[in-house]
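Please read the structure below before turning to the comments.
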Amino acid sequence: MSYPWEYDPSHNAKVYHDRLDELEQLLNQRQFDKIRQRIQLIEVQDTAELLEGLAKATQILFFRTLPRKTAAAVFAYLSQPAKEDLISHLSDEDSLHLVKSLEADDRAAFLDELPAEIVKTLTQKLPHEQLREVQLLLGYPADSVGRVMRPDYVAIHKDWTIKYALDYLKKLNQDTTRLNTLFVLDEDNILLDALHIRKLALALDPNATIADLMDHKVIFIEATENQEKAVEMMQHYDLNSLPVVDIDGELVGMVTVDDILDIAEAETTKDFHKMGSVGVINFNISEASPVLLYRKRIGWLLLLVFVNIFAGLAIATFEDTIAAVVALVFFLPLIIGSSGNAGSQASTLMVRSLATGDVELRDWGRLILKEVSVAAALGITMGIAIASIGYWRGGWDLAAVVAISMVVVVIVGSLMGMSLPFLLSKLKIDPATASAPLITSMADIVGILIYFSIAVAILPTSPPI
């Protein structure tokens with residue numbers, strides 16, 4: 001038997017919109033039983049996506065239609081704005097149920113974004129253990145691992161026998177993903193090792209102790225470390241979970257691979273925004289007001305306006321040269337554009353390489369020599385390409401000016417683009433701040449100075465400055 005809402009591996013737009021149309025039609029007809037039947041046939045993640053695709057007025061009606069358990073699961077996958085909007089339309093009892101159903105790290109992140117009066121109402125009714133977890137996580141710095149860790153890990157002790165440990169695990173009410181990795185502690189809750197559950201299950205002697213299975217090669221991270229460090233470690237060591245310890249080595253939580261994927265996506269998005277010279281955007285663009293988008297973008301644009309004033313001053317310095325050889329203006333956009341593009345390319349490569357850990361500060365000296373050779377080859381190729389046009393516009397002298405200028409500006413722009421991220425890293429500033437517009441503007445100014453300086457030196461018709 002087939003159903004119209006069975007999982008479709010293509011996930012194409014038509015299937016999605018057909019589901020939305022059918023869902024809205026059923027809601028308008030108040031056929032709630034059919035809606036519940038359909039919902040049972042798709043994953044909660046897809047249900048959450050469908051909910052957010054509905055009109056605002058319809059979302060709350062649809063959510064109220066869901067079975068209580070399904071609604072709690074769907075709520076966990078909604079965006080922060082959608083969660084806040086739903087909470088504002090639900091009773092305190094229903095809101096509290098949804099908040100209690102969230103994972104500890106998701107609960108803390110959600111409450112951290114809510115208005116203070118709503119947080120106060122909800123936290124007063126939270127169970128003591130969940131409230132303590134929220135306070136623990138929110139006590140760490142905003143970008144630290146402690147903010148995203150899960151405090152509900154599974155721990156065993158080194159002195160337990162394998163039989164006792166397996167019996168203990170059978171009594172736990174834990175999902176299978178949390179049981180994959182077991183953390184071994186001593187009597188003071190100090191992390192000693194991490195064991196895959198398979199190692200326990202396949203152990204031949206049930207009376208052997210956990211200590212007999214340990215290899216003491218556990219990888220861990222401190223709760224105060226930056227979240228990007230956790231991403232790097234889990235990628236480097238190919239981990240599904242990463243134990244989190246305090247300064248004394250006591251186990252306080254764990255970070256799982258799904259948390260890391262969210263962090264990696266958020267950090268990459270943040271870097272893209274910085275490289276595009278906009279403020280950090282942690283909201284849905286389609287729902288943002290024009291005023292908010294204006295505020296996020298205007299700061300950098302105004303800064304770049306003032307930076308580009310220097311480009312105008314540089315051109316004004318060579319007014320006599322331009323008047324003598326008007327053909328120079330024909331190549332000006334090409335020269336400065338090439339300088340900015342080369343710098344933007346080099347900057348993008350270095351920012352990403354620094355972010356992924358492929359290169360470090362100590363690699364600057366080695367990389368700058370490589371960048372010079374690559375940029376020189378690029379500049380020579382581009383110089384040869386425009387030399388013929390220079391000859392056509394003004395003879396061999398102009399051809400020499402544009403060709404030499406192209407080589408020099410590409411080399412200088414590339415070195416600027418490559419070096420600025422290293423400099424910012426050295427100053428403990430996010431290298432993503434070396435945005436493409438900033439590099440382009442700086443390279444434009446330098447490119448203008450180089451171009452007209454070479455023109456003054458080579459063209460016989462150029463008056464001295």
Residue separation times 0.36 nm, minus the C-alpha to C-alpha distance between residue 428 and residue 84: what's the value?
-> 120.3 nm
Residue-wise HN-Hα coupling along region 155-164, computed from phi with Karplus coefficients 6.51, -1.76, 1.60 (Hz; x: Gly, Pro) = 10, 10, 10, 5, 8, 5, 7, 5, 4, 5
Tail beyond 22 Å, pair distance distribution of region 332-408 (Cα, percent) | 35
List the lysines whose Cα lies under 25 Å from the Cα of residue 100, skipping any in the same chain that are fewer than 8 positions away.
-> 56, 69, 83, 120, 125, 170, 171
Computed magnitude of the charge dipole of region 351-398 (debye, nearest 20; Cβ of K, R +1, Cβ of D, E -1) = 40
Computed for the chain: size of charge dipole around the Cα centre, +1 on C-beta of each Lys and Arg, -1 on C-beta of each Asp and Glu, debye to nearest 20, value 1040
Taking N as its residue count, the alpha carbon Rg of region 330-373 over 2.2 N^0.38 Å = 1.42
Along the three principal axes, how long is the chain when you take its alpha carbons, biggest first, rounded to the nearest angstrom?
-> 91, 64, 49
Normalised Cα Rg of region 347-465, dividing by 2.2 N^0.38 Å with N its residue count, works out at 1.24
Please give the helix 257-275 orientation as an angle from the longest Cα principal axis of the chain, in degrees from 0 to 90, rounded to the nearest 10.
-> 20
q = 0.18, 0.22 Å⁻¹, region 283-391: log10 I(q)/I(0) [Debye, one scatterer per Cα] | -1.09, -1.18
Helix 128-138 sits off the longest principal axis of the Cα atoms of the chain, rounded to the nearest 10 on a 0 to 90 degree scale, by 10
Which of the lysines could a cross-linker bridge to residue 217, judged by Cα under 24 Å and excluding same-chain residues fewer than eight apart?
-> 158, 163, 199, 229
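For the chain, what does -39500 (n - 2.57) per DSSP helix run (n ≥ 4), summed and divided by total residues, give at 222 nm, in deg cm²/dmol to the nearest 500?
Rounded to the nearest 500, the figure is -21000 deg cm²/dmol.
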Region 133-272: relative contact order as a whole-number percent, Cα under 8 Å and 6+ apart | 28
Over region 86-184, what per residue volume does the convex hull of the Cα atoms give, in whole Å³?
-> 129
Restricting to the chain, what percent of DSSP beta bridges are antiparallel, rounded to 5?
-> 75
The chain - percent of accessible surface contributed by carbon and sulfur, probe 1.4 Å | 58
The helix 44-53 Cα axis meets the longest alpha-carbon principal axis of the chain at an angle in degrees, between 0 and 90 and rounded to 10, of 60
Between residue 310 and residue 92, what FRET efficiency comes out of the Förster formula 1/(1 + (r/R0)^6) with R0 = 56 Å and r the beta carbon distance, rounded to 0.05?
-> 0.45
Considering the dipole of the chain built from charges on the beta carbon (Lys and Arg +1, Asp and Glu -1) around the Cα centre, which of 411, 65, 44 is farthest to its positive end?
-> 411
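Per-residue counts of other Cβ atoms within 10 Å, averaged by peptide: what ranking do you get for 201-208, 130-137, 403-410, 32-39, highest first?
For the peptides 201-208, 130-137, 403-410, 32-39, the packing ranking is 403-410, 130-137, 32-39, 201-208.
The values are calculated or read from the model by the stated rules, or taken from the named source; none is laboratory data. No experiment lies behind these values; they were computed from the predicted model shown. Cβ coordinates were reconstructed from backbone atoms using ideal geometry, including for glycine residues, and neighbour counts include every protein chain displayed. Just the protein is used for accessible areas: all its heavy atoms, side chains included, with ligands, DNA and RNA removed. Shrake-Rupley method; radii C 1.70, N 1.55, O 1.52, S 1.80 Å.
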